[in-house]
Amino acid sequence: MRRPVIGICSAPEQARWSVWDDQAFLTPRGYVDAVHRAGGLALLLPPDPQLERDPDELLDMLDGLILAGGADVDPSNYGAEPHPMTTGTVIERDTFEIVLARRALERDLPLLGVCRGMQLMNVAAGGTLNQHVPDSLGHEDHRRTPGSFDGSDHDVRLEPGSLAAQAAREDRHRTKSHHHQGIERLGDGLKVTGWADLDDLPEAIEAPDKRFALGVQWHPEADELSPIIESFVREAAQTAVT
């Protein structure tokens, strides 16, 4: 039986390696390692304008799609003006991933959104984002140290029986957190099924009428003990069989 093919969206970024400083398409290794540990084959997906017109050309090759973390989603995608703290947006990436997310939902292809990926999943479904949650929460505890998970671990309450709880294999899940944006208006067909113990911020969303369409605000790829990506790959394996 072949391994399930998992597409992982990659980000256009300026990068340095050896003597070079150039544009590259980047994906943190943790996603690839987690997919491999779960028995999947990882395929990195750079933005491709042609696929924006025909996403099925790519999705026909995949058994599951991961929307990875990264830079803020450009607020023009949900009709808002940018907050002063909204930075690093890449409209090329947003456009590509929104098309893929919408079509994956239509096809009922297993879909996992991680941090930015959860936010983009919400935008793809017509929702909006809180562009800087410290303004409303009054604290920075979801991203205490930019560029690190240090000090930002916290528990998330998951709705019993939800996809989020099934994927985590528990109703209370310890998470590695690193974000400053979050869900504002929920997208069509989505449901909040996870909340931060810190402040009740939405931490998990899902589409109840789909096989596996889950967004998590934390970073399971950075935690080898987390079963979230394994649960996702296991469901994608059913696509590979059929």
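Every number in this text was worked out from the coordinates using simple rules, so none of it is lab data. Owing to the predicted nature of the structure, the values given are computational and were not obtained by experimental measurement. We place every Cβ from the backbone using ideal geometry, glycine too, and count neighbours over all the protein chains shown.
The table that follows gives values for the structure above.
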quantity: Counting all C-alpha pairs of segment 37-101, share separated by more than 14 Å (%); calculated: 63 percent
quantity: Inter-site label distance for ASP135 and THR87 at 7 Å from Cα along Cβ, in nm; calculated: 1.6 nm
quantity: Cα-centred dipole magnitude for segment 67-184, charges only on beta-carbon of K, R (+1) and D, E (-1), debye, nearest 20; calculated: 340 debye
quantity: Calculated over segment 1-74: convex hull of Cα atoms, volume per residue (Å³); calculated: 120 Å³
quantity: Highest-MSF residue in the chain out of VAL90, VAL156, VAL192 [GNM, Cα springs under 10 Å]; calculated: VAL90
quantity: Sorted by Cβ neighbour density within 10 Å, fewest at the top, the residues VAL114, VAL19, VAL123, VAL5; calculated: VAL19, VAL5, VAL123, VAL114
quantity: Isotropically averaged projected area of segment 135-242, using the convex hull of Cα atoms (one quarter of hull area), nm²; calculated: 7.4 nm²
quantity: Quarter of Cα convex hull surface for the chain, i.e. mean projection, nm²; calculated: 13.1 nm²
quantity: Separation in nanometres of the label points that stand 7 Å from Cα toward Cβ, at GLU159 and LYS191; calculated: 0.4 nm
quantity: Charged-residue dipole, Cβ positions (Lys, Arg, Asp, Glu), the chain about Cα centre, Debye nearest 20; calculated: 580 debye
quantity: The chain: most fluctuating residue of GLU206, GLU170, GLU106 per GNM, C-alpha cutoff 10 Å; calculated: GLU106
quantity: Length-normalised contact order of segment 1-153 in % [C-alpha pairs under 8 Å, at least 6 apart]; calculated: 22 percent
quantity: Candidates ARG172, ARG157, ARG185, ranked by Gaussian network fluctuation over the chain, Cα under 10 Å, top entry; calculated: ARG185
quantity: Packing-based exposure ordering (other Cβ within 10 Å, fewest first) of GLU203, GLU52; calculated: GLU52, GLU203
quantity: Ascending count of other beta-carbon atoms within 10 Å, so fewest first, for MET61, MET85, MET1, MET118; calculated: MET1, MET61, MET85, MET118
quantity: Taking all pairs of distinct alpha-carbon atoms in segment 108-159, Kirkwood radius in angstrom; calculated: 13.2 Å
quantity: Bridge type composition, segment 1-158 - antiparallel percent by DSSP, nearest 5; calculated: 40 percent
